[in-house]
Amino acid sequence: MTAPTLPPGYEVIRDEIGFSALAGSFFVRKPRDGHSLAWGFRVEERHINRGGVAHGGMLVTFADHALGAIVFFAAGRKPCSTIDLACSFAAPARLGDWVECTGEVTRTARDLVFMRGRLAVADRTLLDVKGIWKVLDRWLGPDQQKRA
């Protein structure tokens, strides 16, 4: 597999593990030059369904991963877990499309972070997302030592 061409400012995420590594590669654009934190991926053959467009499950996986990462940084680099994710599909992503996810925290309450996000190809909205993440005290799972 050849590396996808990235839009300016994006870089590969080097520490993807588990399901994220299987679904990705995902890329991040860190906040700078007037841009906010954003995530992206290039739609590849392995991401498409029988209809020839990106599988809806792939788009939801990417939205959950990207928005969860935004929560991670908004919560001071604390781990978080998705407790609710609502997605409204608006348009398909096609093979070769660059899909970008942006999001914003809409509210916080104790250990909960409420987010809204958008997946898009250029100006075309693919998915509108709303979700709630719980901020955790520590990492869970077998790799918790690596993340401490």
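The values are calculated or read from the model by the stated rules, or taken from the named source; none is laboratory data. Everything quoted here is computed from the prediction, not taken from an experiment. Note that each Cβ is placed from the backbone with ideal geometry, even for glycine, and that neighbours are counted across all protein chains shown.
Inside the range 1-13, residues that are under 19 Å from residue 44 (Cα atoms), modelled with pLDDT of 60 or more and part of a loop (DSSP other than H, G, I, E, B) make up a count of 6. Restrict the check to the range 126-146 and report whether at least one residue is modelled with pLDDT of 90 or more and of a type in the set (S, T, N, Q). No, the range 126-146 contains no residue that is modelled with pLDDT of 90 or more and of a type in the set (S, T, N, Q). Restricting the search to the range 112-124, which residues are in contact with a Lys or Arg (Cβ under 6 Å, 6 or more places away or on another chain) and exposed (fewer than 15 other Cβ atoms within 10 Å of the Cβ)? The answer is none; no residue qualifies. In summary, residue 84 fulfils each of the numbered conditions (1) closer than 20 Å to residue 120 by Cβ; (2) outside any loop (DSSP other than H, G, I, E, B); (3) modelled with pLDDT of 90 or more; (4) in contact with a strand residue (DSSP E or B) (Cβ under 9 Å, 6 or more places away or on another chain) with the single exception of condition (1). Do the conditions hold for residue 105, that is, is it at pLDDT 85 or above, closer than 21 Å to residue 137 by Cβ and part of a helix (DSSP H, G or I)? When the stated conditions are applied, residue 105 does not pass them. Going through (1) free of Cβ contacts under 8 Å to residues at least 24 places away in the same chain; (2) under 12 Å from residue 132 (Cα atoms) one by one, residue 57 falls short only on (2). Can you find even one residue in the range 39-50 that is assigned to a strand (DSSP E or B), at pLDDT 90 or above and of a type in the set (A, V, I, L, M, F, W, C)? Yes, that holds for at least one residue.
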